[in-house]
1. Criterion first (surrounded by fewer than 19 Cβ atoms within 10 Å (Cβ to Cβ), modelled with pLDDT of 95 or more and of a type in the set (Lys, Arg)) does Arg160 satisfy it?
2. Of the numbered conditions (1) touching a Pro at 6+ places or on another chain (Cβ under 8 Å); (2) modelled with pLDDT under 95, Val97 satisfies every one except a single condition; which is it?
3. Which one of these is within 20 Å of Leu193 (Cβ to Cβ) and hydrophobic (A, V, I, L, M, F, W, C): Trp84, Trp141?
4. Being in contact with a strand residue (DSSP E or B) (Cβ under 9 Å, 6 or more places away or on another chain), over 22 Å from Gln54 (Cβ atoms) and either surrounded by 17 or more Cβ atoms within 10 Å (Cβ to Cβ) or of a type in the set (Gly, Ala, Ser) (or both) is the filter here; which residues of segment 187-203 pass it?
5. Which fully enclosed strands (runs of 3 or more DSSP E) of segment 22-68 have 1 or more residues being over 15 Å from Ala211 (Cβ atoms) and at pLDDT below 95?
6. Residues that are within 16 Å of the chain's Cα centre (by Cα) and of a type in the set (D, E, K, R): list the strands (runs of 3 or more DSSP E) wholly contained in segment 116-219 that include at least 3 such residues.
Amino acid sequence: MKNVIDTRRTIFAALLALQPGLGFAEALVEFDGSWREQGFLRLFSNDYVQRGGQLDVVSNGTVSLLWRPVDQSERDAVEARWAWRVQEGVTATDLTVKGSDDRNLSVYFVFVDETRADALSGGNARRILREESARALIYVWGGAHEVGSILPSPYSPRLRTKVLRTSGSGEHRESVDLAGDFRAAFGDDPGTLIGLAISADSDDTDGRIVASVANLVLK
């Protein structure tokens, strides 16, 4: 029965529907089963449920990344919008220290040189991020850094992290300038957007994350 649906989920969906001017329905990136999980060196994986407009994530002392190549029509995107919710999250960490950088959620936007986009289209995240021209702009909810900080990754010079929310729980909507943030992070214009990823990371703190990302829009 409708009256037994999870109250928090219902309120979250209602708030999204009421938000004016976001145009979610026009360019919604669906969580439609086409996203694929990619683990890291250790065999710890998160639990993901793709539900169309929303992705639910549970990370219980685990870490992995859910990856989707973008469609050709999405490659020129310079802005993005989404909503995210954290019901349970990990403690604040230093995102610049390898092996001590848990975070509630990360949203990745991966760019390559235009001349390499067709050749790399459909590839997995690990293959693409080995590409010399590849750069990933990562928006994070978590860590102990000031909001707006752009941080180097301890794993690769091809990755930069921008902190949108510090460690904690709640519900928020985000609107980001991909082109402007890329220039601030890497000192150059972005190339062609080739892939998206969502990650939750709780393995270093042995924590637990219960979260979701919804209404992801490229523009």
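1. Here the answer is no, as Arg160 does not meet what is asked.
2. With (1) touching a Pro at 6+ places or on another chain (Cβ under 8 Å); (2) modelled with pLDDT under 95 applied to Val97, the lone miss is (2).
3. Trp84
4. Those that are in contact with a strand residue (DSSP E or B) (Cβ under 9 Å, 6 or more places away or on another chain), over 22 Å from Gln54 (Cβ atoms) and either surrounded by 17 or more Cβ atoms within 10 Å (Cβ to Cβ) or of a type in the set (Gly, Ala, Ser) (or both): Pro190, Gly191, Thr192, Ile194, Asp203.
5. So the answer is 36-38.
6. 159-165, 170-177
The values are calculated or read from the model by the stated rules, or taken from the named source; none is laboratory data. Fair warning: this is a prediction, and the values are worked out from it, not measured in the lab. Every residue, glycine among them, receives a Cβ derived from its backbone with ideal geometry; neighbour counts consider all protein chains shown.
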